[in-house]
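Below: one structure, written as structure tokens.
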Amino acid sequence: MKRLLCITLAMALLIPAGAQSSKQQSSKQQAKKERLEKDIAVLDQQLKANSKKRNGADTALKLTRRKIKARRQLLAESDLLISKMDRDISAKNKRIDSLELRLTDMRTHYAKLVRTAYRNRDSRIWYMYILSSGGLSQGFRRYAYLKSMA
């Protein structure tokens, strides 16, 4: 009986200790549960903020892509304009070269005309030389030149 009493007494002492440890575990679990709920609430707020940022980033990305596309089109248009200008410049350079060649030919012919006019001293050629001048002042200069040579 002593044994039974010892066992009962031991049980009586262990039950409240077990209940107390069970209360500690439930309070720990309760605190853990509350902490997890707070973490979930914080994560929800972060997700909402991230969603707003993501929408802003998506919009910024779309705008940036449109901007890049517009700039590429602008570059393409500029390249076309530059190539057209290059063609125009090369055509003008060819025209300049041909005009310079013509000018050189005309200068040689003009020099020959002056030489032959001086050699022949025919009044008709002198008159033609004076009348072929570009303006009235050039005509007077030519007349003075021929007069001084005569």
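The values are calculated or read from the model by the stated rules, or taken from the named source; none is laboratory data. Since the structure is predicted, the reported quantities are computational estimates derived from the model, not experimental observations. All Cβ positions, glycine included, derive from the backbone under ideal geometry; neighbour counts span all protein chains shown. Surface areas here come from the heavy atoms of the whole protein model, side chains and all, with no ligands, DNA or RNA. Shrake-Rupley method; radii C 1.70, N 1.55, O 1.52, S 1.80 Å.
Would you mind telling me the share, in percent, of accessible area of the stretch 40-150 contributed by carbon and sulfur at probe 1.4 angstrom?
60 percent
Per q in 0.10, 0.12, 0.14, 0.16 1/Å, what log10 I(q)/I(0) does a Debye calculation on the alpha-carbon atoms of the stretch 18-150 return?
Those come out to -0.73, -0.81, -0.90, -0.97, one per q.
What figure, in Å² to the nearest 10, do you get for the accessible area of SER90 with a 1.4 Å probe and non-protein molecules left out?
Rounded to the nearest 10, the figure is 60 Å².
How far is it, in nm, from the label point at ASN55 to the one at LYS147 when both lie 7 Å from their Cα along the line to the Cβ?
Here the modelled spin labels are 9.6 nm apart.
With all protein chains present and a 1.4 Å probe, how do MET149, MET106 order by accessible area, largest first?
MET106, MET149
For TYR110, TYR129, give the ranking by accessible area with the largest first, probe 1.4 Å.
Largest to smallest exposure gives the sequence TYR110, TYR129.
For the stretch 36-127, compute the number of Lys pairs whose alpha carbons are separated by less than 18 Å, excluding pairs fewer than 8 positions apart on the same chain.
5
Given the whole protein assembly as supplied and a 1.4 Å probe, what does the accessible area of ARG95 come to in Å², nearest 10?
140 Å²
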